[in-house]
Amino acid sequence: MISVTLLGAGNVATHMFKAFSEAKGVEVKQWYNRTYSSISSYKNEVDIIDDLKQLKNADLYIIAVSDDCISSLSEALPFKNRLVAHTSGSVNIHDLDKKNNRAVFYPLQTFSKNTVLNFSEVPICIEVLEKENLKLLKSIAKALDCKTYKVNTEQRQTLHLAAVYINNFTNQLYRIAHEISDAQHLNFDILKPLILETAKKVQTISPYMAQTGPAKRNDKKTIKRHLKQIDNKEHKAIYELLTNSIKKTHGVPFSKSNPSKN
Ligand SMILES: NC(=O)c1ccc[n+]([C@@H]2O[C@H](COP(=O)([O-])OP(=O)(O)OC[C@H]3O[C@@H](n4cnc5c(N)ncnc54)[C@H](OP(=O)(O)O)[C@@H]3O)[C@@H](O)[C@H]2O)c1
């Protein structure tokens, strides 16, 4: 049985706790968070602690806290020569304190505490400094039924950058669309099949091939009408920026002085 201790109680740690609890061959030895109350409801399922001095021996310690405090938390760990991994897409592996064996166990997915997620569909990007630790991390991912990818820091940070475009920026566009439809008392549900199909289409064809719409077709009158419809300055700037980006990608000509109004 591989023992794992979780540090942090946010979106990622909560999903990991649930996935580990259901996995065979892995046990959550302890769950630490600086705020006890965030995890106290799990006290009948696992040893809950809010004091690092209470940490017991485990095969792996997973630090799933905000990026900016990974380094200080790893420094505060009261032991050395054990395996410690963080879960961030962008934090350098060397930010972990070198008194322990350092690794990254980055689950490339968007996690929100209260949404349901099939953890076995999450790709795990693994990075290690000491080769001998790779096997254990792969075994843990295997217990969760997850695919693993061995990446270096630069590759992980590139994947994280791509993920920001794919998830965070796209979601912000959903938010703008939600605001626009709400303002006209239109049910956002009408747009949900489009959201699903957009994500589904790129599973089988490239994003380049999947593009449709007025910018790609160079439907100037429609673009002009849309710009007239948008009151919010920021939304308008985003519309123009993305319209020009699509035009550039698809070789649609536009005037440099007033690119969106050709
Ligand atoms: N969310 C995602 O979709 C996602 C996906 C992949 C990877 N990640 C990575 O996973 C890690 C955790 O992300 P998350 O979304 O789970 O974070 P989160 O939900 O915002 O939770 C943050 C956690 O960090 C703790 N924390 C914050 N400041 C702290 C400090 N100064 N000292 C000690 N603990 C502190 C919080 O403790 P309290 O409860 O006491 O505030 C909480 O447990 C990050 O490195 C992130 O980059 C996130």
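The values are calculated or read from the model by the stated rules, or taken from the named source; none is laboratory data. Please read these numbers as outputs of a predicted model, since none were measured by experiment. All Cβ positions, even for glycine, are placed from backbone atoms using ideal geometry, and neighbour counts span all protein chains on display. Side chains are part of the model used for accessible areas, which takes the heavy atoms of the whole protein and leaves out ligands, DNA and RNA. Shrake-Rupley method; radii C 1.70, N 1.55, O 1.52, S 1.80 Å.
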12 Å reach of a label modelled at residue 1, 7 Å along Cα-to-Cβ, counting backbone N of the range 129-172:
none
Quick check: at a probe of 1.4 Å, how many percent of the accessible area of the chain sits on carbon and sulfur atoms?
51 percent
In the neighbourhood of residue 208 defined by beta carbon distances under 14 Å, the net charge of the other residues (Lys, Arg +1; Asp, Glu -1) is +4
In sequence order, calculated HN-Hα J values of the range 5-12 (Karplus, 6.51, -1.76, 1.60; Hz; x Gly/Pro)
10, 9, 10, x, 9, x, 4, 5
For the range 141-262, one quarter of the surface area of the C-alpha convex hull, expressed in nm², comes to 10.6 nm²
Might you work out the accessible area of residue 61 for me, using a 1.4 Å probe with all protein chains in place, and round it to the nearest 10 Å²?
0 Å²
Over 17 Å, how big is the tail of the calculated P(r) for the range 112-152, in percent of all Cα pairs?
36 percent
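Which of the three applies to the range 170-210, rounded, prolate or oblate, going by the alpha-carbon gyration tensor with a ≥ b ≥ c and a/c under 1.5 meaning rounded? Show your work: numbers first, answer last.
Working: a/c = 3.63, a/b = 2.28, b/c = 1.59.
The shape class here is prolate.
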Using protein chains only and a probe of 1.4 angstrom, how many square angstrom of residue 21 are accessible, to the nearest 10?
70 Å²
If you add up the charges near residue 199, with Lys and Arg at +1 and Asp and Glu at -1, over every other residue whose beta carbon is less than 14 angstrom from its beta carbon, what do you get?
+1
Report the far tail of the P(r) of the range 1-95, meaning the percent of Cα-Cα pairs longer than 19 Å.
34 percent
Solvent-accessible area per residue for the range 1-98 at a 1.4 Å probe radius, Å²?
48 Å²
Please state, rounded to one decimal and in Å, the Kirkwood hydrodynamic radius that the range 46-127 gives when every pair of distinct Cα atoms enters the mean of 1/r.
13.8 Å
What residue among 227, 60, 159 shows peak mean-square fluctuation when the chain is described by a Gaussian network model with Cα springs under 10 Å?
227
For the range 188-220 and the range 1-63, what is the separation of their C-alpha centers, rounded to whole Å?
40 Å
Which value, in debye to the nearest 20, gives the size of the charge dipole of the chain about its Cα centre, when Lys and Arg are +1 and Asp and Glu are -1 at the Cβ?
1180 debye
Alpha carbon convex hull of the chain, projected area averaged over orientations, nm²
17.3 nm²
Under the rule of at least 5 residues apart or a separate chain, name every residue whose amide H is placed under 5 Å from the amide H of residue 2.
26, 27
Accessible area of residue 196 in the full protein assembly, 1.4 Å probe (Å², nearest 10):
120 Å²
Quick one: which residues, 5 or more positions from residue 82 or on another chain, have an amide H under 5 Å from its amide H? H modelled 1.01 Å from N in the peptide plane, none for Pro or chain starts.
101
Please build a GNM for the chain, connecting alpha carbons under 10 Å apart, and tell me which residue among 34, 102, 217 fluctuates the most.
217
Per-residue ³J(HN,Hα) for the range 98-104, Karplus 6.51 cos²θ - 1.76 cosθ + 1.60, θ = phi - 60°, Hz, x for Gly and Pro:
6, 5, 10, 7, 9, 7, 10
What whole-number value in Å² describes the accessible area per residue of the range 124-223 for a 1.4 Å probe?
71 Å²
Using a 1.4 angstrom probe with every protein chain in place, what is the largest-first accessible-area order of 185, 235?
185, 235
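Going from most exposed to least, what order do 146, 69 have by accessible area with a 1.4 Å probe?
Listed by decreasing accessible area, they come as 69, 146.
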In a Gaussian network model over the chain where Cα atoms closer than 10 Å are linked, find which of 105, 17, 169 has the largest mean-square fluctuation.
169
antiparallel share of DSSP beta bridges within the chain, to nearest 5, in %, is 20 percent
Give me the Å³ per residue figure for the convex hull around the C-alpha atoms of the range 20-170.
122 Å³
Just to be sure I understand the model, the point goes 7 Å from the Cα along the line to the Cβ. What's the resulting residue 79 to residue 121 distance in nm?
3.5 nm
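Determine the percent antiparallel among the DSSP beta bridges restricted to the range 37-130, to the nearest 5.
Taking every DSSP beta bridge within the range 37-130, about 40 percent pair in antiparallel fashion.
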